[in-house]
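Here the structure comes first, spelled out in structure tokens, and everything after it is commentary.
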Amino acid sequence: SNYTSNVEGAKEQTAIDTKTILPLDVDIGEGVIVDATEEYTEAYYRRLRWKIDLWLLPLMWLCYGTQQADKTSISTMAVFGLREDTGLVGQQFSWLSTIFYISYLVCEFPGNYLMQKFNVGKFLGIVITCWGVVVLCIAFAQNWAGLMVLRTLQGALECTISPTFMLITGAFYTSKEHTLRSLIWGTSNAGMNIITGLCMYGIGLHVQKDPGSMAAVS
């Protein structure tokens, strides 16, 4: 019929018009498909990737390394007199490490759920801020009970750092780029321990030369 031929002619004309605008064919019945790879060159992707590397990776390296160094900081505190200053006896010092990993284990499931439920950037920002406050509060702890509460909070806040960083890596990079970027911020585990070790050596040396100054553990 004339109606059917007019409809088919309109579809053909629409397809011809859209082909002059879009890089791929357009199927009126299924929707529009646009191939973004034809709009940007490989040089553009390299510049974009390099810009992301310069901003994102150093920040991730610093944050991840700092929280990793915190896991071993309890032994440095012991060297600088934590046991004597807070009156720890028996197995109390050992429990400061144990409670950290118990809290880390228990909070992993709810932490990872919340990480995916809410905005990853805001969630990570809140967690790292709270974690920093808890770490600073350790300097003011006066007894074993206070240290236990703070170490419990540390474990609860640190358990989502690694999976959150994996999500960020997956969001900003392609699958072929994941391994190298994960290795870069993963090296901060050892790299930051070297830096903090040198810092602790400097603090300890200063306290040794000037015993009347602020205690190293504070």
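The values are calculated or read from the model by the stated rules, or taken from the named source; none is laboratory data. In this text, all values refer to a predicted model and were calculated from it rather than measured experimentally. Here Cβ is always computed from backbone atoms with ideal geometry, including for glycine, and neighbour counts include all displayed protein chains. Note: areas computed on protein heavy atoms with side chains; ligands, DNA, RNA excluded. Shrake-Rupley method; radii C 1.70, N 1.55, O 1.52, S 1.80 Å.
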Would you confirm, using the coordinates I've provided, whether GLY90 is at pLDDT below 85 and either over 18 Å from GLN154 (Cβ atoms) or touching a strand residue (DSSP E or B) at 6+ places or on another chain (Cβ under 9 Å) (or both)? no
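So which of GLN91, GLN67 is among the polar types (S, T, N, Q) and within 25 Å of the chain's Cα centre (by Cα)?
Values: GLN91 fails: within 25 Å of the chain's Cα centre (by Cα).
Within the list GLN91, GLN67, the selection yields GLN67.
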If we keep just the residues of the range 171-214 that are over 15 Å from TYR64 (Cβ atoms) and outside any helix (DSSP H, G or I), which is least open to solvent (accessible area, probe 1.4 Å)? TYR173
Step by step: first the residues of the range 122-146, then only those that are in contact with a helix residue (DSSP H, G or I) (Cβ under 9 Å, 6 or more places away or on another chain) and among the polar types (S, T, N, Q), then the one that is most open to solvent (accessible area, probe 1.4 Å). Which residue is that? GLN142
Every listed condition ((1) at pLDDT below 85; (2) open to solvent by 50 Å² or more (accessible area, probe 1.4 Å); (3) within 35 Å of the chain's Cα centre (by Cα); (4) more than 27 Å from ILE194 (Cα to Cα)) holds for VAL32 save (3)
For the range 37-44, check the following and say yes or no: at least one residue is under 27 Å from the mean Cα position of the chain (by Cα), over 23 Å from ILE194 (Cα atoms), modelled with pLDDT of 80 or more and assigned to a helix (DSSP H, G or I). yes
Per the filter on the range 65-101, residues out of contact with any helix residue (DSSP H, G or I) (no Cβ under 7 Å at 6 or more places or on another chain), among the aliphatic types (A, V, I, L, M) and either under 24 Å from LEU183 (Cα atoms) or assigned to a helix (DSSP H, G or I) (or both) are MET77, VAL79, LEU82
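Here is a yes/no grid of residues against (1) in contact with a Phe, Trp or Tyr (Cβ under 8 Å, 6 or more places away or on another chain); (2) closer than 30 Å to THR86 by Cα:
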site: GLU108; (1), (2): no, yes
site: GLY111; (1), (2): no, no
site: PHE118; (1), (2): no, no
site: VAL149; (1), (2): no, yes
site: THR164; (1), (2): yes, no
site: ALA171; (1), (2): no, no
site: THR174; (1), (2): no, no
site: CYS199; (1), (2): no, yes
Pair list, Cβ under 6 Å, 6 or more apart: the range 83-106 residue open to solvent by 60 Å² or more (accessible area, probe 1.4 Å), other residue in a helix (DSSP H, G or I): ARG83/PHE93
